[in-house]
Amino acid sequence: MSVAVQPSRELLPSVDETIGNQAELLSTHLQSMSEALFAPDTLKVLRRFTSGEAARLIGVSDSTLRKMTLAGEGPQPETTSNGRRLYTLADINEIRKLLSHSPRGREAIDFVPHRRPGEHLQVLAVTNFKGGSGKTTTSAHLAQHLALQGYRVLAIDLDPQASLSALLGVLPEVDVVSNQTLYAAIRYDDNKRPLSDVIRRTYFDGLDLVPGNLELMEFEHTTPKALTTVARTGEMLFFARVAAALDDVADKYDVVVIDCPPQLGFLTLSGLCAATAMIVTVHPQMLDVSSMSQFLLMTRDLLGVVRDAGGELKYDFVRYLLTRFEPQDAPQTKVAALLRNLFDDFVLTNPMVKSAAVSDAGLTKQTLYEIGRENLTRATYDRAMESLNAVNTEIEGLIKKAWGRL
């Protein structure tokens, strides 16, 4: 009788080699897919907006834009063969500036909603302990919505996985090299740089980005060592470093949107301590809600330690956003009702419904705001856009209220 010979363990690849090989294989494949969609030398360009879309964004009638075009006022739109007028977002913002200086019975701030003296920089941290809650999608769409409304927006990718950067046209593996993430502005050594050095303009006029990549994990590794020497060196404590970095650029922006990592490390705590508001995304299922409960308890304990160490935690608002919500799903509806009963007004009135339109746009690393109605099933697109605008307009309202405008 033959005896099966077991392969020697020494002949088998180690687990780190196996994982490494698979990671390289996946990375190479993803890179090929990305290059097929967007050539390496191709930059993302935001689509142009029809005159009707532009008029809605600015808050005027289509006829007002037509009159301005005929009078030669402001940037001239591109005209298609069938007579449609198309505007870039930069055109729209230029028109906003013109209208803010003309007497039309409305205040300048109705057209150009930039911060006024006495209105503090709004820093919104979008966070959750559990991945897959729609955190990055929420961050990207919120930042783009605010830019479309005329605000000066800075998006910060605090997640080493850098999904937000990819959505906004910056590939972390290709376009971001050493010392070009937020880590450059919060590190503890002599290579520290001003945040303004790593900010990049995006294809969205009025929306800038601090990209992320795996380099951000260095902050998790270097902070424990820094904590042991802080008394001797006088180093700024970790929880104050993101806020201090933002001070360098605060005058250039109205709103900062931070996409936090899906774990409570030093990076997330630093982001939360720099924030003036927090949006917690939650998928309304019991497993996700249970995870969120643990996240909130841990956040309370850790932020309590930070506060005792001298950290300031002054939030204008904290809200829970229901994401990937399916109104026809009875268990989800029950969980949503539970959260509203428990937290009342702390839950945003509008949920972000689950939509194939958002998923389809994400396949090409695009958001719903940039993909255009003509590229998807119109009914599906319209339902998703209605939900998206309702959520982002509600958050925008909270920002305005914090500034005392409402």
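For the reader, a short list of remarks on this structure follows.
- With 0.36 nm allotted per residue and the present C-alpha distance subtracted, the N21-N341 stretch has 110.3 nm of extension available.
- Residue order for D251, D329, D360 - accessible surface, 1.4 angstrom probe, largest first: D251, D360, D329
- The string of couplings for the range 153-166 from the Karplus curve (6.51, -1.76, 1.60, θ = phi - 60°) is 10, 10, 9, 10, 8, 9, 8, x, 6, 6, 5, 5, 4, 4 Hz, one whole number per residue in order, with x for Gly and Pro.
- FRET efficiency estimate (nearest 0.05) - Cβ-Cβ, E374 to R66, R0 25 angstrom: 0.70
- Calculated FRET value between R201 and T349, using beta carbons and R₀ = 30 Å, to 0.05: 0.35
- On Cα atoms only, tilt of 330-343 relative to the major axis of the chain in degrees: 80
- Inter-probe distance in nm under a simple model that places probes 7 Å from Cα toward Cβ, at R405 and S359: 3.6
- With every protein chain in place, the range 149-247: carbon and sulfur % of accessible area (1.4 Å): 50
- Members of K97/K401; K44/K225; K67/K401; K67/K354; K97/K192 lying beyond 30 Å, as alpha-carbon distances in this model show: K44/K225; K67/K401; K67/K354; K97/K192
- 3J(HN,Hα) couplings calculated from phi for the range 45-62 with the Karplus curve 6.51 cos²θ - 1.76 cosθ + 1.60 (θ = phi - 60°) are, in sequence order, 10, 6, 4, 8, 10, 5, 4, x, 5, 4, 4, 5, 5, 6, x, 10, 8, 4 Hz; Gly and Pro show x.
- Helix-only mean residue ellipticity at 222 nm for the chain, each DSSP H run of n ≥ 4 adding -39500 (n - 2.57), per residue, nearest 500: -14000 deg cm²/dmol
- The chymotrypsin sites (Phe, Trp or Tyr not before Pro) of the range 282-366 meeting both criteria, a DSSP state outside H, G, I, E and B (loop) and at most 13 other C-beta atoms within 10 angstrom of the site's C-beta, are Y315.
- For the chain: relative contact order, % (alpha-carbon pairs under 8 angstrom, 6 or more apart): 16
- Computed over the range 261-377, Cα set: Rg, Dmax in Å: 16.9, 54
- Ranking P77, S63, L195 by Cα position along the charge dipole of the chain, where only Lys, Arg, Asp and Glu carry charges on their C-beta atoms, puts S63 farthest toward the positive end.
- Separation in nanometres of the label points that stand 7 Å from Cα toward Cβ, at R84 and K44: 2.2
- Probing with 1.4 Å while keeping every protein chain in the model, the per residue accessible area of the chain equals 51 Å².
The values are calculated or read from the model by the stated rules, or taken from the named source; none is laboratory data. In this text, all values refer to a predicted model and were calculated from it rather than measured experimentally. Counting neighbours? That spans all protein chains shown, and the Cβs are built from the backbone with ideal geometry, glycine included. Protein only, heavy atoms only, side chains kept; ligands, DNA and RNA dropped before computing areas. Shrake-Rupley method; radii C 1.70, N 1.55, O 1.52, S 1.80 Å.
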